Amino acid sequence: MPELPEVETIVRELDQVLPGKKIVGVEVGRAKSFVGDEKELIGKTIEKVERRSKMTVIEFADFPKKLVIHLKMTGQLIYLSGTHRVVGGHPTPDWVNKLPSSSTRVVIDLDNGAKLYFNDLRVFGWLKLVKNEDWEKLIAKLPPDVTHKEFSLEYFTRVLAASGRPVKLVLMDQDRFGGVGNIYANDALYLARINPKRKAKEMTEKEGEGLYEAVKKVISSGIKYGGASVDRYVDAAGLGGKYQEHFLVYGRNGQKCKRDGGVIKKIKLGGRGTYFCSGCQQG
């Protein structure tokens, strides 16, 4: 699943190529993938591209709606203009192969001849046309995004203190913190020397402060390296992020800890692969 740094990366790159472009056509290949009347987009000029939590938000000039996109598990956004590609989301051969593909659900045609493809293998993702006033009501209900100033130490420790669940599950709860996914939850807990099975409310104030800083650090690092892309063909094509080259503990089952030489173990927690050092993550 694309996590916050991966979504932030594609949003930043799309914001370099989409503003000023006018939509001249929209083809919906799977009705489930588009909510609203796609014909309303015809003739609209893109003003900017932003992110909120794991959602991509396309705003328009003189149009009272936004196009909100959630990639979910296997969604992709691919901007293709001649040989120039901007790619993001779940890495598959579609990143480098001819488009459209069997996974293409929506194609947006732009006035410069370019196309924006929304691909989604498992069809969990979506594009929605949302009225501006409805969007404001929606984001008012969202939890603090971990990259925003509302994500304060006070808020973070208050949420932890109120939960008896394993701390890793609390970190990944999108109703509590916006944008922390599996990769970055694993690495943050490692950085803070916290066992992922530890009950959140049992953590000390000092441990909470350490984890708060660790979350911000790994998310910042993920954005710096363009997110994580673990498929080799993506690297070979020169596309995708590089955070996988800097994993602290995620995906390193059976390897030695970079900090104390202990063995990295893998367990299932909340149905997700969970990695931790058997030596230095005793807390």
Unmet requirement for Leu239, which otherwise passes all of (1) touching a residue at least 24 places away in the same chain (Cβ under 8 Å); (2) under 25 Å from Lys266 (Cα atoms); (3) assigned to a loop (DSSP other than H, G, I, E, B): (2)
Output for segment 92-106, where each listed residue is in contact (Cβ under 8 Å) with a residue 12 or more places away in the chain and either assigned to a loop (DSSP other than H, G, I, E, B) or surrounded by fewer than 19 Cβ atoms within 10 Å (Cβ to Cβ) (or both): Thr92, Pro93, Val96, Leu99, Pro100, Ser101, Ser103
Only one of Tyr155, Tyr79 that is hydroxyl-bearing (Ser, Thr, Tyr) and under 24 Å from Lys21 (Cα atoms): Tyr79
Matching entry among Gly43, Gly89 (being touching a residue at least 24 places away in the same chain (Cβ under 8 Å), outside the structural domain of Arg176 (by TED's automatic domain parsing) and either under 16 Å from Thr9 (Cα atoms) or not basic (Lys, Arg) (or both)): Gly89
Answer from Glu207, Glu136 - the residue that is among the acidic types (Asp, Glu) and either outside the structural domain of Thr9 (by TED's automatic domain parsing) or touching a residue at least 60 places away in the same chain (Cβ under 8 Å) (or both): Glu207
Residues located in segment 58-73, provided they are surrounded by 15 or more Cβ atoms within 10 Å (Cβ to Cβ) and touching a residue at least 60 places away in the same chain (Cβ under 8 Å): Lys65, Lys66, Leu67, Val68, Leu71, Lys72
Any hit, segment 127-148, residues being assigned to a loop (DSSP other than H, G, I, E, B) and either within 30 Å of Lys98 (Cα to Cα) or over 20 Å from the mean Cα position of the chain (by Cα) (or both): no
Number of the condition not met by Val218 [criteria: (1) modelled with pLDDT of 95 or more; (2) under 26 Å from His70 (Cβ atoms); (3) in a loop (DSSP other than H, G, I, E, B)]: (3)
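Do we have Gly226 as at positive phi and touching a helix residue (DSSP H, G or I) at 6+ places or on another chain (Cβ under 8 Å) here? So that I can check it myself, show each step before the final result.
Values: at positive phi: yes; touching a helix residue (DSSP H, G or I) at 6+ places or on another chain (Cβ under 8 Å): yes.
The answer is yes for Gly226.
The values are calculated or read from the model by the stated rules, or taken from the named source; none is laboratory data. The structure displayed is predicted, hence computed values, not measured ones. Positions of Cβ are generated from backbone atoms using ideal geometry, with glycine treated the same way; all protein chains shown enter the neighbour counts.
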